1. Around residue 65, what is the net charge, scoring Lys/Arg as +1 and Asp/Glu as -1 over all other residues with Cβ under 15 Å from its Cβ?
2. Once you have a ≥ b ≥ c as the square roots of the Cα gyration tensor eigenvalues for region 16-128, tell me rounded if a/c is under 1.5, and otherwise prolate or oblate according to whether a/b is larger than b/c.
3. Sort 99, 29 so that the residue with the fewest other Cβ atoms within 10 Å of its own Cβ comes first and the one with the most comes last.
4. So, counting K/R as plus one and D/E as minus one, what does the shell of residues with Cβ under 13 Å around residue 41 add up to?
5. With each label point set 7 Å from Cα along the Cα-Cβ vector, what nm distance links residue 27 and residue 119?
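No lab work stands behind these numbers, since they all come straight from the coordinates. Because the structure is a prediction, the values reported are computed rather than measured. Neighbour counts are summed over all protein chains in view; Cβ atoms, including those assigned to glycine, are modelled from backbone coordinates with ideal geometry.
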Amino acid sequence: MKRASVRVHDQRESRKRPSASDGVSVATITATTATFENEVLASEQPVVVDFWAAWCGPCRAVAPILEQLAQERAEELRVAKVDIDSEPALAQRYQITSIPTIVLFEGGEPVARVVGARNKARLEEALGLGRFADGRRDADRRLVAAGQRLVARLRRRPT
């Protein structure tokens, strides 16, 4: 009679922190209780915080979307990840009852929250991220227009 082998799930495997070898972008920040104040609350840029866990399938599905946001919008916002298994105090502080929960912080305050996985467009819409890109485009247009006016003025100047 042959014995079936059973693999016992080691909980330490599911609590492993993300790393570059796992495909986690270096554009995202891993926030902990010790670093949350500086990385998120004191940030001059808005910060999108992903409350997640390694065992959460929807969290794994949304991770590449957040990494893409971190890379594409590096000039206008930051993306931080909080592992709720490693940082239960932060999860409790921000009343995280389901994951993934994604919270937008501005000026140290949570201003928008999305619970559950979303595609990129819906996530950006739910968090109101379009306003950052629009503001940047408007600023870029104003800078270009100011530069063009300056060039025109310099060309009119007698030499």
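1. Summing Lys and Arg as +1 and Asp and Glu as -1 gives +1.
2. rounded
3. Numbers: 99 23, 29 18.
Fewest-to-most Cβ neighbours within 10 Å comes out as 29, 99.
4. Counting the neighbours of residue 41, the net charge comes to -3.
5. Modelled inter-label distance: 1.9 nm.
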